[in-house]
Structures are given as structure tokens and as C-alpha cells.
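The structure under discussion appears below in the form of C-alpha cells.
Quick note: the coordinates plus some simple rules give every number you see, no bench work behind them. Quick caveat, the model's predicted, so the values are computed rather than measured.
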Amino acid sequence: MSQFTPEIDPIESLRWFFRGLGDLPLVSDNARGEARAEEKSRQDSLNSLALEYKNCTACPLHIGRNQVLRGRGSAHASLFLALAPPSATEDLSGTPASSENAAGQLLEKMLLAIGVKMDSAYFANIVRCRPPRDRRPVAAEVDRCADYFTREVRIVAPNAILAFGEEAAQMLSRSDASIAHLRGRWHDHAGIP
């Protein structure tokens, strides 16, 4: 369900959301141990998922890629960032949202502005192989990666998913509307806002 609320500043909404996460009660050593075990279980599931897709040839994008990009970040992140298709730098490094390029550095600054550190979020590209000449991926290519993306979301089980870029917003909202139309509206993917 989409809802437009122009009087709410999206950046302030994110600050409010993450401020609330900082007010969680202290936990016992036993609970910390259980949390570590859960983190390891989720990380093992993410590793298995990455191995399953490592040699993917489901769409033509595999032809020119260096590697299939896997997601990165905390396996128990509260915030899951859906990113645009991989850049050339990401394709070479195998790391989404790499701070080695200007886009990754800008993303880090944007997250810090709302109180989120890069290592406390999870990042995944909506398609895992770089499209030739950085063209926009076609719907069939995005659809081929949708299962991988959704399975990652379910493993991480974040509180919210944040789309970066028009392709990511369209994939998450299952819409071909422009970013101008999608901006300022709440959507959900796999039951997560």
C-alpha cells in the first residue's frame, strides 16, 4: 500500500527511526551469546546463498561480468539498502557500495547524516551483474535477480528497506513509475517497508 505524506521530511523520518533503535534495553550475556549464534546462522545462510548464485547464467548479463556481486554488511542489519546495478568498480571489486568510488563515498556521507554507519547496514544490488556500458537493466534481467534479492531480505530480516536509484525503487515497488512519482511514498517488499 502506498501513501503520500508531503508534510513529512524523509531524512527526519529516518533519523527518528534510527534514534528509536538506540533506545533498546541492555541485554544479558546469555542473550548476547544467542544474538551471536543468530548472526552466525544468518551469515552462514547468506554465504550459502552467494555460493548458490556464484556461477549464475540465468540472463545475458553474465556474459560480460567479472563476478556475481553478493550483498555485504551486517547479517542482522535494521536497514537494508537496495542499490542500483553494479558499477565498473563494484564489478571489479565484488563489493557493493564500495567506498573506493565517488558514489560509495556519497552514500556513506548520506548514511552518516542520518546516524547510520556503513557496517551496521546491509547492501545489495538489485541485479548482481554489471550491464554492458552501464545501460539500464531490462525487466527480465531484474526479474532473474529478484529471487536472490528477496531471499537475502528474508535472511537479514531488516526493519526497513531503502531504495537507492530509480531501478531499485521500481523493482521494490513493482512499478515502472518514475522516481519522481515513487518518492515520498511507503512501499513494501517481502512484507518489509
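Can you work out the Karplus-derived ³J(HN,Hα) for every residue in segment 156-162? Use 6.51 cos²θ - 1.76 cosθ + 1.60 with θ = phi - 60°, whole Hz, and x for glycine or proline.
After applying 6.51 cos²θ - 1.76 cosθ + 1.60, I find 5, 6, x, 7, 8, 10, 10 Hz.
Using the Kirkwood formula on the Cα atoms of segment 42-138, what hydrodynamic radius do you get, in angstrom to one decimal?
One decimal place: 13.9 Å for the Kirkwood radius.
For Leu81, list long-range residues whose amide hydrogen, built 1.01 Å from N in the peptide plane, is under 5 Å from its own amide hydrogen.
Result for Leu81 returns Tyr122, Phe123, Ala124, Leu162.
Starting from the coordinates of the alpha-carbon atoms of segment 94-158, obtain the Kirkwood hydrodynamic radius over all distinct pairs and give the value in Å to one decimal.
13.4 Å
Each residue of segment 62-77 in turn: what ³J(HN,Hα) in whole Hz from Karplus with 6.51, -1.76, 1.60 and θ = phi - 60°, glycine and Pro shown as x?
5, 4, x, 7, 8, 6, 7, 6, 9, x, 9, x, 6, 6, 10, 5
Please turn the phi angles of segment 107-115 into ³J(HN,Hα) values with the Karplus equation 6.51 cos²θ - 1.76 cosθ + 1.60 (θ = phi - 60°), one per residue in order, whole Hz, x for glycine and proline.
Once rounded to whole Hz, the list reads 4, 4, 5, 5, 5, 4, 5, 9, x.
For Val127, enumerate residues with amide H under 5 Å from its amide H, sequence gap 5+ or separate chain, H modeled in the peptide plane.
Amide H to amide H, under 5 Å and 5 or more residues apart or across chains, Val127 pairs with nothing.
Find the relative contact order for segment 54-164 and round it to a whole percent, using C-alpha pairs within less than 8 Å whose residues are 6+ positions apart.
Result for segment 54-164 is 40 percent.
Per residue, how big is the convex hull around the C-alpha atoms of segment 77-124? Give it to me in cubic angstrom, could you? It would help to have the intermediate numbers written out before the result.
On the way: hull volume 3.3 nm³, N = 48.
It is 68 Å³ per residue.
Taking a temperature of 20 °C and a viscosity of 1.002 mPa s, what whole-number D in µm²/s does Stokes-Einstein yield for segment 123-193 with Rh from Kirkwood over alpha carbon pairs?
My calculation gives 169 µm²/s for D.
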